[in-house]
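The block underneath contains the structure these notes are about, expressed in structure tokens.
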């Protein structure tokens, strides 16, 4: 049972380049989330999808787009990367559509924007 | 919206001592308070949670207490071991379908 799988694990981009972070879960979870983690800032929510076919903005959505491709997959796209988007990105999923219950996290994608 | 403050940001304890991490929240409607542990190079993992109708919950060496009146909750780790060294996050969620709001984390170091 793989849980939550993120790809790639590491990526270096130049300013202005675009890329997509992929996330897939095999637990039949309804809700999925993208967080970024920066030193001293904790985990900040970028976007989430409470159920297949819906997406909503979190605390720091600017510069990102998301797609809930199907129930398993939730991708995060940077259209024009900026140095301020250098961070570690975590995808997470939860069984319920509501907020309670355990969040299961992937192992993270470390992105550096030069 | 909900705001979660976490203290301290770093904590060093001797092996075998206790560690306490404290969090406060702003939304009196919040009713679910989980704690996550993040080991180096890994994603966070749930270690314990508490709901607003309970004042304390224990699981072996870890416990969480909740004071709804003061709007704060704490994580207690007793008999600390080197493997307890990690970053710990508290979180809170108001009622409804809104996502978790995390504190900024506490880096716990257990010194052997």
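The values are calculated or read from the model by the stated rules, or taken from the named source; none is laboratory data. What you see is a predicted model, and the numbers here were worked out from it, not measured in a lab. Note that each Cβ is placed from the backbone with ideal geometry, even for glycine, and that neighbours are counted across all protein chains shown.
Quick one: residue B:9 ticks every box in (1) within 9 Å of chain A (Cβ to nearest Cβ); (2) modelled with pLDDT of 95 or more; (3) under 30 Å from residue A:51 (Cβ atoms) except a single one, so which number is it?
(3)
Considering each residue of segment A:88-114, count those that are closer than 19 Å to residue A:60 by Cβ, part of a strand (DSSP E or B) and within 14 Å of chain B (Cβ to nearest Cβ), and give that number.
Residues of segment A:88-114 that are closer than 19 Å to residue A:60 by Cβ, as a first pass: A:88-92, A:99, A:103, A:105-106, A:108-113.
Filter once more, keeping what is part of a strand (DSSP E or B): A:88-92, A:105, A:109-113.
With the extra rule that they be within 14 Å of chain B (Cβ to nearest Cβ), the set shrinks to A:88-92, A:105, A:109-110.
Adding up the residues that qualify gives 8.
Of the residues A:49, A:67, only one is surrounded by fewer than 21 Cβ atoms within 10 Å (Cβ to Cβ) and either more than 10 Å from every other protein chain (Cβ to nearest Cβ) or under 26 Å from residue B:33 (Cα atoms) (or both); which? So that I can check it myself, show each step before the final result.
Values: A:49 fails: surrounded by fewer than 21 Cβ atoms within 10 Å (Cβ to Cβ).
The unique qualifying residue is A:67.
Condition first: at pLDDT 95 or above, in contact with a strand residue (DSSP E or B) (Cβ under 7 Å, 6 or more places away or on another chain), farther than 23 Å from residue B:89 by Cα and within 12 Å of another protein chain (Cβ to nearest Cβ). Can you find one or more residues in segment A:70-87 that meet it?
There is no residue in segment A:70-87 that is at pLDDT 95 or above, in contact with a strand residue (DSSP E or B) (Cβ under 7 Å, 6 or more places away or on another chain), farther than 23 Å from residue B:89 by Cα and within 12 Å of another protein chain (Cβ to nearest Cβ).
Which of (1) within 11 Å of the chain's Cα centre (by Cα); (2) more than 14 Å from chain A (Cβ to nearest Cβ); (3) surrounded by fewer than 18 Cβ atoms within 10 Å (Cβ to Cβ) does residue B:15 not meet, given it meets every other one?
Answer for residue B:15: the failing condition is (1).
Residues that are within 28 Å of residue A:56 (Cα to Cα): which strands (runs of 3 or more DSSP E) entirely in segment B:46-112 hold 2 or more of them?
Passing ranges, in order: B:86-92.
Could you tell me which numbered condition residue B:105 fails, if it satisfies all but one of (1) surrounded by fewer than 24 Cβ atoms within 10 Å (Cβ to Cβ); (2) at pLDDT 95 or above?
(1)
What number of residues within segment B:20-44 satisfy the criterion of being closer than 18 Å to residue B:80 by Cα and in a strand (DSSP E or B)?
Residues meeting the conditions: 7.
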